[in-house]
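Trainee: Got a structure for you, questions after.
Please treat every number below as a calculation from the coordinates, not as lab data. Here the structure is a predicted model, which means the values were calculated and not measured. Neighbour counts run over all protein chains shown; Cβ positions are idealised from the backbone, glycine included.
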Amino acid sequence: MKFGLRNIRYLLQSVGNPERQFRSIHIAGTNGKGSTAAFLASIWMEGGYRTGLYTSPHLLRFTERIRINGREIPERRLVSYTKTLRPAIEKVRATFFEATTCIAFQYFADEGVDVAIIEAGLGGRLDSTNVLLPMASVITSIGLDHTDILGKTIGAIAREKGGIIKHAIPCVTATEDENALIQIRSIAARNHSTLGHAKRIVMCATNEERPELVSFKSRSFSVRDVSVGLKGAHQVRNAQLALATLEVIKKNPKYRSLTIWVNNATVRRGFENVVKNAGIRGRLEMLGRSPRFVLDVAHNPPGIHTLVEALRSLVSKPMTVVFGVMSDKDYSSMIDGITPLASTIIAVAPATERALSARTLVRHVCRRKLPGRYGGSVAKGLMLAKTAGGQILVTGSHYVVGEALKYLTSKKS
């Protein structure tokens, strides 16, 4: 891992600066980036626009990271781009993410996308994606994550995320933390960038008789009783942020051709069809019936808190939790956060060097006098969970959910 824009600028220059050849939206934040990006991409697709989507990490296949109109980049194109870029990659010893970002931007330019939704990898200020001059910058939430890299406080992390704000380019945020907002406001002011909060731009209300239906209203949009395609109140907030971003872009006459077909009907279909259009998975995703598996990529303490709040209204009994984390995470707080939902916590470790060992994790669980069991690999943990019956939650990391999806969708499971 390297931080800084020198390498990515060299790679992009070596292939003709493709990042300058398409319109974009740039998204940073602690949680909610992928879902917000998916809502935006889905709405533009429903409007008939050729839409690129760049997210990370992937769950099943690397090609999930780079999509146009929901379709993953073909492997042959990926191989071709890699061969072309290899001399430049080796010259500057570019990282995996730097090379991937360059390939994504080159693919979007070559395919002539109308708009690309780009999710930052880590942080923002020094992230490889921060070479864009987008139509709008978006900052989702700010929480304590990657503190060894981004800083130990909310303010420090907000400064890194706020680094995506560009001169005279509007920024939209959904963060509620006042310390984070102080930093973001300051950065926006220095850059002469207008800063809007999603809640002030878009009003939303839940249908009292049918809580699964939500109404959104802003100056340009009025969408009544729509079913947001991702479960949980937090996904309503992500949808609200996506719509607020569209509202800000729609104000700018320069982008009239890009928003003329973005209307109430396309917003409704975009929200409803977000899973199909954007290919997003692992967000309160439910598989099977007996037992029922619930998969969610919550991977830090704020994410676990949001997950628990969402599941309170969806499940009535404690769940068996298949849980694995990365060793650089605040896993103690994550264990504490998941406890109210858990009848048993089965500790697992996905197949990556960053993973905390399942034995270490189960020791931390048992020290809290919680019902913990050693699961080993994700597949073995899932097999063990099946014997417990009831509903099974799989969470703690994208890697855990990715391996669970592979196992649960294979014929062997």
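Trainee: Excluding residues fewer than 8 places away in the same chain, name every one of the lysines whose C-alpha is closer than 17 Å to that of residue 276.
Mentor: Straight-line reach from residue 276, under 17 Å: 231.
Trainee: Cross-link candidates for residue 369: which aspartates and glutamates have Cα within less than 16 Å, leaving aside residues fewer than 8 places away along the same chain?
Mentor: List returned: 336.
Trainee: Let me ask something additional. Taking a ≥ b ≥ c as the square roots of the Cα gyration tensor eigenvalues, with a/c under 1.5 meaning rounded and otherwise prolate when a/b beats b/c, else oblate, which class fits segment 76-177?
Mentor: Oblate, since a/c reaches 1.5 and b/c is not below a/b.
Trainee: Output wanted: per-residue J couplings in Hz (rounded whole) for segment 123-128, from phi through Karplus 6.51 cos²θ - 1.76 cosθ + 1.60, θ = phi - 60°, x for Gly and Pro.
Mentor: x, x, 4, 10, 6, 4
Trainee: Just name one of 321, 79, 388: the one whose Cα is farthest towards the positive end of the charge dipole of the chain (beta-carbon charges, Lys/Arg +1, Asp/Glu -1).
Mentor: Towards the positive end, the residue furthest out is 79.
Trainee: Setting aside same-chain residues fewer than 8 positions from residue 161, which lysines have a Cα under 21 Å from its Cα?
Mentor: 2, 33, 152, 199, 329
Trainee: Treating the beta-carbon of each Lys and Arg as +1 and of each Asp and Glu as -1, no other charges, what is the dipole magnitude of segment 140-241 about its Cα centre, to the nearest 20 debye?
Mentor: Around 440 debye, computed over segment 140-241.
Trainee: Quick check: Cα centre of segment 52-96 to Cα centre of segment 229-260, how many Å?
Mentor: 27 Å
Trainee: Mind putting a number on the dipole of segment 6-278 about its Cα centre? Charges go on the C-beta only, +1 for Lys and Arg and -1 for Asp and Glu, and I need it in Debye to the nearest 20.
Mentor: 700 debye
Trainee: Using only the Cα atoms of segment 275-413, build the gyration tensor, take square roots of its eigenvalues as a ≥ b ≥ c, and label the shape rounded, prolate or oblate: rounded if a/c is under 1.5, else prolate if a/b is larger than b/c, else oblate.
Mentor: Rounded, since a/c falls under 1.5.
Trainee: Out of the DSSP beta bridges found with both residues in segment 285-408, what percent are antiparallel (nearest 5)?
Mentor: Here the share of antiparallel DSSP bridges comes out near 20 percent.
Trainee: Right, another one. Could you check what % of the DSSP bridge pairs in segment 6-278 are antiparallel, to the nearest 5?
Mentor: If we restrict to bridges inside segment 6-278, about 40 percent are antiparallel.
Trainee: Could I ask something else about it? Fewest first, what order do 173, 100, 30, 352 take by the number of other Cβ atoms within 10 Å?
Mentor: 352, 100, 30, 173
Trainee: Moving on. Gap in Å between the Cα centre of segment 331-361 and the Cα centre of segment 376-413?
Mentor: Cα centroid to Cα centroid, the span is 13 Å.
Trainee: While we're on this one: Only helical DSSP H runs with n ≥ 4 go in: add -39500 (n - 2.57) per run for the chain, normalise by residue count and round the 222 nm mean residue ellipticity to 500 deg cm²/dmol.
Mentor: Taking each H run of at least 4 residues, the total per residue is -12500 deg cm²/dmol.
Trainee: So if I average 1/r over every pair of distinct C-alpha atoms in segment 83-142 and take the inverse, what Kirkwood radius in Å does that give?
Mentor: 13.0 Å
Trainee: Averaged over every viewing direction, what's the projected area of the C-alpha convex hull for the chain? Give it in nm², one decimal, please.
Mentor: About 19.6 nm², averaged over all directions.
Trainee: Rounded to the nearest 20 Debye, what is the dipole magnitude of segment 159-202 about its Cα centre when Lys and Arg each give +1 and Asp and Glu each give -1 at the C-beta?
Mentor: Here segment 159-202 has a charge dipole of around 180 debye.
Trainee: Which of the trypsin sites (Lys or Arg not before Pro) found in segment 122-163 are loop residues per DSSP with 13 or fewer other Cβ atoms within 10 Å of their Cβ?
Mentor: 152
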